[in-house]
Structures are given as C-alpha cells and as structure tokens.
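Visitor: One structure coming up, written as structure tokens, with questions to follow.
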Amino acid sequence: MTITISGYRNMPPREIQIQKKTWITAYIDGSCSYNGTTNAIAGVGVWFGDRHPLNTYQTLKEERATNITAETAAAIEACRICIRHDIKRVKLITDSKYLIDCMTKHLPKWKLNGWLNAKSKPVVNQKLLKELDTLTQQLEVQFEYTPGHKGIYGNERADELAKAGSKIYAST
C-alpha cells in the first residue's frame, strides 16, 4: 500500500487506523565533503518515495561534520518527520552498518554504562545518539541495511538529497 501523507482530517476513522498501523519506509543517508577536515560540510537526506512531499534534505549544522554524524542526523530527521505527521511505524533503510550497530547493539550497553564505551571513554556523537534514542522511543522503528553506491534506487535518491544538503551551506 502506498500512502501519501497529507493529514487525516478527511479520512474515515477506519482508514486512519489502517494508515497508522502501516509501516512507512524511509531511506536515509548522510554526505560529508572533505570528511575529517576542518573544511568538512555535511548534508542529510531522507527519501520516502518519488515526488513524496516528505522528502527532505538539509545541511548539518551545530555538529562536527562527518559521515557518521550526517547519517545519524538523517535518522533523527526521518523520525521527526514521522512524529510531526503522526506516522507511528517507520523502517529506516541506511547504508551505515555503524549506525545500525549503534542503535541495535551498543545503545543498551552505553545507557547502562553512563554513556561510556568499552574502553571507559565517552561515546562519540552521544548527543545525536541520545536524541535519536529519545525519538525512536516515540515510534516503532526498524533499521535495515542496504549496501551503498550499488544502484539501490531508494538509497541513491537519499544520497542525492544528502549531497544537495551539503551544497546549501557551501553556496552561502
């Protein structure tokens, strides 16, 4: 079932319940030009479908620009969009195994350890990861891996959006 999100005001109650129980798919990606340098510029992309009104891209601001911060920020933005539009279930498809591992394997341990990693050092990017954790508690979220740069249509569209996000800042 394809769902166009435009609000539930004119829908019959039964249709609203069906849509709230449906899993929405969002491809997410981050992009970082000059990754690892002081000139780094990162962008995030969230792609729900061709010409979908919720597709978005933006420049990552107020965080150090890296590929992983951009990937995490893309997941945050996807969750925010879903919450704003009363979407209850989202499958986030990403090419970042690191992000998936952070959220599905490491997060419970970090929370128990006071956000310290296995070497008793503060978890890198914990501000973003804490925000993503808070958002994912308001939704049902599944993370799914897809290989990057392999021609997977949704992943390529999210990548294009993320690159567009990094160019906004570069041109201003």
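The values are calculated or read from the model by the stated rules, or taken from the named source; none is laboratory data. Treat the numbers as computed from the prediction; the structure is a model and nothing was measured. Cβ coordinates were reconstructed from backbone atoms using ideal geometry, including for glycine residues, and neighbour counts include every protein chain displayed.
Visitor: Restricting the first residue to region 42-62 and requiring it to be free of Cβ contacts under 8 Å to residues at least 12 places away in the same chain, which pairs with a second residue that is charged (D, E, K, R) and crowded, with 20+ Cβ neighbours inside 10 Å meet a Cβ separation below 7 Å and a spacing of at least six or different chains?
Guide: none
Visitor: When residues of region 65-106 are filtered for being among the charged types (D, E, K, R), part of a loop (DSSP other than H, G, I, E, B) and out of contact with any Gly (no Cβ under 7 Å at 6 or more places or on another chain), how many remain?
Guide: The number of residues fulfilling the criteria is 2.
Visitor: Now, a different point. Working carefully through the options 67, 125, 155, find the one that is of a type in the set (S, T, N, Q) and either surrounded by fewer than 14 Cβ atoms within 10 Å (Cβ to Cβ) or without any contact (Cβ under 8 Å) to a residue 40 or more places away in the chain (or both).
Guide: Of the residues listed, the single one that is of a type in the set (S, T, N, Q) and either surrounded by fewer than 14 Cβ atoms within 10 Å (Cβ to Cβ) or without any contact (Cβ under 8 Å) to a residue 40 or more places away in the chain (or both) is 67.
Visitor: Something else: So, residue 37, is that one in contact with a Pro (Cβ under 9 Å, 6 or more places away or on another chain), loosely packed, with under 14 Cβ neighbours inside 10 Å and either at pLDDT below 95 or over 14 Å from residue 154 (Cβ atoms) (or both) or not?
Guide: Considered against the rule, which asks whether it is in contact with a Pro (Cβ under 9 Å, 6 or more places away or on another chain), loosely packed, with under 14 Cβ neighbours inside 10 Å and either at pLDDT below 95 or over 14 Å from residue 154 (Cβ atoms) (or both), residue 37 comes out as no.
Visitor: For region 116-166, which positions are over 20 Å from residue 106 (Cβ atoms), within 15 Å of the chain's Cα centre (by Cα) and assigned to a helix (DSSP H, G or I)?
Guide: Selection gives 154, 155, 156, 157, 158, 159, 160, 161, 162, 163, 165.
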